[in-house]
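A.B. asks: First the structure, which I've put down as structure tokens, then a few questions once you've had a look.
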Ligand SMILES: Nc1ncnc2c1ncn2[C@@H]1O[C@H](COP(=O)(O)OP(=O)(O)O)[C@@H](O)[C@H]1O
Ligand SMILES: [Mg+2]
């Protein structure tokens, strides 16, 4: 029962990681950009959300409704103003640019919000629980998991079925050939990053509901997203989701073995996957 | 009559290496022009320069007389120039139908008008209908070439550039693919075919250009140029014809 409980907790934790990992998988899959500022964007959005909630007395849902469009806009601007200038077959320029952005964002957040930890008032949502088959499960983690699943499903369907999705996949397969078919790669990239950061708008609300956030927290979130994407297989949407589950479950089981071992257990699973199956558990080998 | 597409003194470089030395060409509406030349002569470079895939000066390429050199590739497609690139360059991991749909999507986005629809492409290459759900990387070379041609046609081009569409294919498949050319031209689309097989190039075109080391060394009506002229233009004046 205890292990089953750990499994359930792991899956619920995985739901949180999936919300980070989706956007990272999308940006990597389409543009081969590893966005080092990914975690800092979550924190920035969280802090903006918290400030809005405090200033206007908003509940989590109104914050979400304002934050997601704002995140979409931020992603679009980020791509247009910065990333489109450094994207290309060489991954190094975008790595350096997003690394610089990460540092800049952390300093900016420190200036505006100071180093204090804050969280989003959930008006009781964070303490409610539901009973399923004899185990009590927090309502919030369940909502996180449901939203993560819906986002993954929606993104996957968008990629498969829509004009935008086909253009993204085409640009991802061969960007020059995509341009020869009438696609403006830079416009498609801007929409991809808008979607990726838009998803972080969801992640920001849930992250700041379930724990506290502080300006320097970004890199830790980046690592979880990165590990989930690597475990699942770079660039695949459901791969990122399943990778997040594996990471969450590893951490939860590790935590049951020893509370200090939880996060480390996740890192170990990540390293084992990287060493033995670098294309990821659910990725195709590229040969 | 002004040409649909023309180049004047077209120069292209890869870094320090100059690949084209002032290429002058003309293509008229509905015309088929063949571009022949040995490997490395600059044929692909010529097509890529037109498509905006290499930096060239504005007035080196003209479309309906308007200077368009160096225009972004997707904008060239919008202006009515499409390419079947060397090596086909299909979207790996996507089905035949999705590969074609990408072109349909973009044509719809910009409101491009032209007669090419999915059913018409299926009529031209029936196998593409049968293989609609197959991922392109598991098709045969000939079938892949058909997808590449279909994809270019669905961009609704007035000018179609074909780069070595017969390369590596069996003679029967080559005939099948070249049989599509008259139907494509019947829609008023002008075509440039880059072709290694000189006989095939001559029979498929109204006029031809021969290139050697980045320059045009021969131009004339395909039916009129002789083997000797082509041999000289192909290998350079110093080489005898075998
Ligand atoms: N990407 C490139 N970088 C440097 N040189 C190139 C590149 N592509 C082609 N070249 C050179 O340009 C010349 C023309 O090449 P290309 O246009 O591909 O010839 P063709 O299509 O007639 O075989 C050749 O000398 C080739 O080596
Ligand atoms: Mg070539």
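We did not get these values from a lab; they are worked out from the coordinates using the rules stated. What you see is a predicted model, and the numbers here were worked out from it, not measured in a lab. Using ideal geometry, Cβ is built from the backbone for each residue, glycine included, and neighbour counts are taken over all protein chains shown.
A.B. asks: If r is the Cβ-Cβ distance from residue A:104 to residue B:134 and R0 is 41 Å, what FRET efficiency results, to the nearest 0.05?
C.D. replies: Values: r = 47 Å, r/R0 = 1.16.
Computed FRET efficiency for residue A:104 and residue B:134 comes out at 0.30.
A.B. asks: Right, another one. So in the protein assembly as shown, what percent of DSSP beta bridges are antiparallel if you round to the nearest 5? Walk me through the numbers on the way to the answer.
C.D. replies: Numbers: 25 of 43 bridges.
In the protein assembly as shown, approximately 60 percent of DSSP beta bridges are antiparallel ones.
A.B. asks: Full-extension gain between residue B:206 and residue B:86, please, as 0.36 nm times their residue separation minus the C-alpha to C-alpha distance.
C.D. replies: Working: separation 120, 0.36 × 120 = 43.20 nm, distance 2.21 nm.
Length gained, residue B:206 through residue B:86: 41.0 nm.
A.B. asks: Roughly speaking, what is the centre-to-centre gap between the stretch B:9-50 and the stretch A:131-152 when only Cα atoms are used, to the nearest Å?
C.D. replies: Here the two parts' Cα centres lie 61 Å apart.
A.B. asks: Evaluate the distance, in nm, between pseudo-label points positioned 7 Å from the Cα of residue B:39 and of residue A:276 along their respective Cα→Cβ axes.
C.D. replies: 4.5
A.B. asks: Apply the a/c threshold of 1.5 to the C-alpha gyration tensor of chain A and tell me whether it is rounded, prolate or oblate.
C.D. replies: On the way: a/c = 1.64, a/b = 1.24, b/c = 1.32.
Oblate shape, in that a/c is at least 1.5 and b/c is the bigger or equal ratio.
A.B. asks: Across the Cα atoms of the stretch B:5-235, what radius of gyration and what greatest pairwise Cα-Cα distance (Dmax) are found, in Å?
C.D. replies: Answer for the stretch B:5-235, Rg first and Dmax second: 17.0, 49 Å.
A.B. asks: Could you compute the FRET efficiency for residue B:226 and residue B:21, with r as their C-beta to C-beta distance and R0 at 30 Å, rounded to 0.05? Working shown, then result.
C.D. replies: Working: r = 25 Å, r/R0 = 0.84.
Computed FRET efficiency for residue B:226 and residue B:21: 0.75.
A.B. asks: Determine, for A:17, B:21, the number of other Cβ atoms within 10 Å of each Cβ, and report the residues in order from fewest to most.
C.D. replies: On the way: A:17 29, B:21 14.
The most exposed by this proxy come first: B:21, A:17.
A.B. asks: Please give the calculated 222 nm ellipticity per residue for chain B, where each DSSP H segment of at least 4 residues contributes -39500 (n - 2.57) and the sum is spread over every residue; nearest 500 deg cm²/dmol? Please list the in-between numbers first.
C.D. replies: On the way: 10 runs with 84 residues, N = 242.
Calculated at 222 nm, the ellipticity per residue is -9500 deg cm²/dmol.
A.B. asks: Moving on to the next point. Taking the alpha-carbon centroid of each part, what is the distance from the stretch A:1-62 to the stretch A:175-252 in angstrom?
C.D. replies: The stretch A:1-62 and the stretch A:175-252 have Cα centres separated by 9 Å.
A.B. asks: How far apart, in nanometres, would the label points at residue A:164 and residue A:111 be if each is projected 7 angstrom from Cα along the Cα-to-Cβ direction?
C.D. replies: 3.2
A.B. asks: Next up: Do the sum for chain A: with -39,500 (n - 2.57) for every DSSP H run of n ≥ 4, divided by all residues, what is the mean residue ellipticity at 222 nm, to the nearest 500 deg cm²/dmol?
C.D. replies: Numbers: 11 runs with 207 residues, N = 287.
About -24500 deg cm²/dmol.
A.B. asks: How high is the FRET efficiency from residue B:120 to residue A:129, r the C-beta distance, R0 60 Å, rounded to 0.05? Spell out each step's value before the answer.
C.D. replies: Details: r = 60 Å, r/R0 = 1.00.
It comes to 0.50.
A.B. asks: How big is the antiparallel share of DSSP beta bridges in chain B, given as a percent to the nearest 5?
C.D. replies: Among the beta bridges of chain B, antiparallel pairing accounts for roughly 55 percent.
A.B. asks: Using the alpha-carbon centroid of each, what span in Å lies between the stretch B:177-242 and the stretch A:86-114?
C.D. replies: When both Cα centres are located, 53 Å separates them.
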